[in-house]
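Following: one structure in structure tokens, then a few remarks.
What follows draws every value from the coordinates through simple rules; no lab data is involved. Note that this is a predicted model, so its numbers are computed, not measured. Every residue, glycine as well, gets a Cβ built from its backbone with ideal geometry; the counts of neighbours run over all protein chains shown.
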Amino acid sequence: MNIPVVLPDLGTTGAPVRLSLWLVEQGEHVTRGDRLLEVVWGAVTFDVAAPASGTVIDRTTGHQATVSTGDVLGWIEPDD
């Protein structure tokens, strides 16, 4: 079963959170805890880590998109 990459609760309020940069390409293998993408809230940058080891099969949210806690940003097909 594929695993969603979800924006965690960053404790942000007020200004919107934007997906700034994907650090991995679709089809790339990642290890749990690897940095997948950066989001920006005001002048603060947060990293979102891989929730599991596997292959990034979909980056559902593009650069500069406004995102919220719980949004699915992409999908990982886990290793067997």
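For percent of Cα pairs over 23 Å apart, the choices are (i) 29; (ii) 40; (iii) 16; which was calculated from the structure?
Recomputing percent of Cα pairs over 23 Å apart here gives the entry labelled (iii).
Please compute the net charge surrounding T61, taking Lys and Arg as +1 and Asp and Glu as -1 over other residues with Cβ under 13 Å from its Cβ.
It works out to a net charge of -1.
If you add up the charges near Q26, with Lys and Arg at +1 and Asp and Glu at -1, over every other residue whose beta carbon is less than 12 angstrom from its beta carbon, what do you get?
So the surrounding residues net to -3.
Quick check: pseudo-label points 7 Å beyond the Cα along Cα→Cβ at D47 and T66, how many nm apart are they?
A separation of 2.8 nm, rounded to one decimal place.
How high is the relative contact order of the chain, in percent, with contacts defined as C-alpha pairs under 8 Å that are six or more residues apart?
Relative contact order, the chain: 41 percent.
Around N2, with a cut-off of 11 angstrom between Cβ atoms, what is the net charge of the other residues, counting Lys and Arg +1 and Asp and Glu -1?
Net local charge, N2 excluded: -2.
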